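To start, the structure under review is shown below, and the notes come after it.
No lab work stands behind these numbers, since they all come straight from the coordinates. These numbers come from a predicted model, not from an experiment. Cβ placement follows ideal geometry from the backbone for every residue including glycine, while neighbour counts extend to all protein chains displayed.
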Amino acid sequence: MLEGFNPPLPTCDFCSQEHVDLVLNFRAINVITGETEDGIPVPLTLDWLACPDCAELLKRGKFKQLLSRAVVFYMSKHDIPQDRFFNVRLSVRDGWREAFGNRMPGL
Ligand SMILES: [Zn+2]
């Protein structure tokens, strides 16, 4: 092991916190990543990995709570000012709605 070398830990795809153990795959649906030259949307399915805390919220269907948790951690990680909270929350929510559709009812 090299001195001072710390390999990056895996990060939770929801709250972007580093975790040793990511416990849950949550499959995205209907992710439109772009389009072909003919203008046909290219959907992609992706497995998102959740840390234990996020996994618990996912299992219990607490999607709004999960969203707020994700935004709080994201903003603090990237030094985004507090007054941007609702804007950031809105755009993350839109992204999740697009990614997960009816897998996150009520979001
Ligand atoms: Zn998480």
Residues other than C51 with Cβ under 11 Å of its Cβ, Lys/Arg counted +1 and Asp/Glu -1, net out at -4
Per the rule of 0.36 nm per residue minus the C-alpha distance, extending V72 to R84 adds in nm 3.3 nm
